[in-house]
1. Can you give the mean number of other chain Cβ atoms that lie within 10 Å of the Cβ atoms in peptide B:109-115?
2. Need one number: % antiparallel among DSSP beta bridges in region A:1-93, to the nearest 5.
3. Roughly what % antiparallel, to the nearest 5, for the DSSP beta bridges in the protein assembly as shown?
4. Taking springs between alpha-carbon atoms closer than 10 angstrom, which of B:128, B:35, B:82 fluctuates most in the Gaussian network model of chain B?
5. Of all beta bridges DSSP finds with both residues in region B:66-224, what is the antiparallel percent, to the nearest 5?
6. In terms of the ratio Rg/(2.2 N^0.38 Å) built on C-alpha atoms, what value belongs to region B:1-80?
7. Using alpha carbons only, how many degrees (0 to 90, rounded to 10) separate the axis of helix B:35-44 from the longest principal axis of chain B?
8. Which residue, A:165, A:146, A:47, has the most motion in a Gaussian network model of chain A that connects Cα atoms within less than 10 Å?
């Protein structure tokens, strides 16, 4: 099984040169620590920055400079700041090539749920609905099962949806999967995890085509 | 001659606010919030408010202060985590909440200020957000119709401003402020640095003074940080 940081490391392998990338809160944020050698990407945070850099040095935090997770950040040379309408114009207008975000559930048709548990947790969708409705590449970063051990890869989402038919790729602590033709296609296994383990942890339709390689981290 | 928008303080800037009005309040989290105007709303004890703001502050700061006093009837926001009192009032039904996608919220404010009554967006199609909204297909993709938002007052915070109401924001404290500034019937801007008209470079102004009715020098800024994250120098 992968750690959260290893999930981020595996997702970082999907980055392509000259992409603008939006990273969600949680595991996705860690992707920025694993950019492969020779790949140039620029990170967008939807509260209004392109060219987001690492956390500031202690004592150099600026209350006016945060990311969408409300963490203090820095700006890299060439960064820009903009208002929220411009920020989502970049997103809806497909000027940002990749979105990485977390999820509570993903369905085999690409539906995603990550913003609400009725009667229990209602924090709001933030920018997630705008992001999943428009991004051409959406990678979901999540654990394969929830805290009760239940699969998060389902035939149909049970929680209120964030977006429909939008997720194309999922990286979990157990596997890399592609979402197409109303099924989860198993692309890679985490080191030491068997196809049978993944089948057991996947409630939706899992397609296993030939030998499934182990991830290289 | 530039028109003069200067007022002495928050108290005068908020003259005319009443119970049951709709307010836009700039900021993202606690970043770029109009701290002085919020304090003045608390002081005035106005109630029954509808607040349009991306977030609802934290328990003891920002709009959380108005929630504590039960001054807000309805929130229109995109993300309201980080506030226990908010969650309690919402789950108990005391507080009405309309959650809408962040990009739609931003564009609805912008549209309100720009004279665009509504627009289509793909965000929220197929979700609870789309319920009761018109759906139309463009280029094979379904979109939902979202209406512009308006407010009796918009409260915004800028870094620098001049007596003509021209505003310059700093870093990510810009966020919703320029959009809400456009959409208020009366827009009240508070600034950290106030200068006479003519001192700001017209090339650098983010919000032209035409959108601002009242401007004042803010005081005692706390500029709290929700999540201090740092790295070590070694």
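Throughout, read-outs are computed from the coordinates displayed, never taken from laboratory work. If you're wondering where the values come from, they're calculated on a predicted model, not measured in any experiment. FYI the Cβ positions are ideal-geometry reconstructions off the backbone, even for glycines, and counts take in every protein chain you see.
1. What the average comes to for B:109-115 is 2.
2. For region A:1-93, the DSSP antiparallel bridge percentage is about 65.
3. Among the beta bridges of the protein assembly as shown, antiparallel pairing accounts for roughly 40 percent.
4. B:128
5. Expressed as a percentage, antiparallel bridges in region B:66-224 total about 40.
6. Against the compact-globule rule of thumb, the ratio is 1.11.
7. Approximately 80 degrees, to the nearest ten.
8. Maximum among the listed residues: A:146.
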